[in-house]
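What follows is a single structure, written as structure tokens, with notes after it.
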């Protein structure tokens, strides 16, 4: 569609452009809203989405997610952003129903035909999820932005939450880490990494269904705060700790090489700095810790429990709330 590199129109990219976790928590501390018995999951523990009971066996799940370009290809960016937005529904154990487009576009800098490709990519992912895009909102903005507000449903008694981890259960990760590093390299050099595109555009639909079917009641998706950041949040909310076997964590091979060559996103460094006071990782290299903290875009699910077909990377243990041990 265009020789213009979309990533050059944004300071950040993908979920790495999130406000750093520590700054965000400071800003929203104490903002928990009005008490409502129908709210099953709200603002309290920073879960992936909200859940509102509308009947005895049905809860509505609501979420929104958007970001600046993570790749230069407009269609792929649309697919990645849509898969990422729907991931919050899957992380709660839900089934998406519909989605709305959220668009910011620098109309004097980028042709509207490029925006159309972004929207087409998002619509194709929505179709793959079995839902329709039913509307949206757009503004003229200095940077290109795209994402979705998504709505889904789940059974209240089968929700997967980030405050329900129990000691003694394994931890499963459903996608490899490293897309943040590769997106950083892509932005710097223009190199493309097919494996990164493939994992970011893959829906967490099957992983979510398998987790719910296996009886999992605690999960989150690994996005902008990295594996360590999202794991820390889950353990803190649950009053538990975790042990991670670094050798068992799946990694994108090109990401391992790229870290050694210095392609490290600022967001990944900030994630590691945020969780470091709660981290015990004697003997683990800084390069490995960067990958474990790497700011993912449309990452996999981190599930408390064993999910058939996906690697177990550690376990939940009793102990200091939020402590993470890496071996």
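The values are calculated or read from the model by the stated rules, or taken from the named source; none is laboratory data. Predicted, not measured: the structure shown is a model, and the values here were computed from it. Here Cβ is always computed from backbone atoms with ideal geometry, including for glycine, and neighbour counts include all displayed protein chains.
Just checking, does the stretch 156-169 include any residue being touching a helix residue (DSSP H, G or I) at 6+ places or on another chain (Cβ under 8 Å) and more than 30 Å from residue 246 (Cβ to Cβ)? Yes. Just one residue in the set 299, 267 is modelled with pLDDT under 95, closer than 16 Å to residue 222 by Cα and assigned by TED's automatic domain parsing to the domain that holds residue 193; that residue is 267.
Scanning the stretch 224-248 for residues that are within 15 Å of residue 180 (Cβ to Cβ) and at pLDDT 95 or above yields 226, 227, 228, 229, 230.
Which of the residues belonging to the stretch 1-28 are assigned to a loop (DSSP other than H, G, I, E, B), at pLDDT below 75 and within 25 Å of residue 150 (Cα to Cα)? Scanning the stretch 1-28 gives 12, 13, 18, 19, 20. Answer with yes or no whether residue 251 is in the same structural domain as residue 301 (by TED's automatic domain parsing), closer than 14 Å to residue 162 by Cα and modelled with pLDDT of 95 or more. No: the conditions fail for residue 251. Among the residues of the stretch 142-156, those identified as closer than 16 Å to residue 106 by Cβ and either more than 21 Å from the chain's Cα centre (by Cα) or outside the structural domain of residue 93 (by TED's automatic domain parsing) (or both) are 142, 143. Residues in the stretch 192-223 that are within 19 Å of residue 295 (Cα to Cα), out of contact with any strand residue (DSSP E or B) (no Cβ under 6 Å at 6 or more places or on another chain) and either assigned to a loop (DSSP other than H, G, I, E, B) or in the same structural domain as residue 80 (by TED's automatic domain parsing) (or both): 192, 193, 202, 203, 223.
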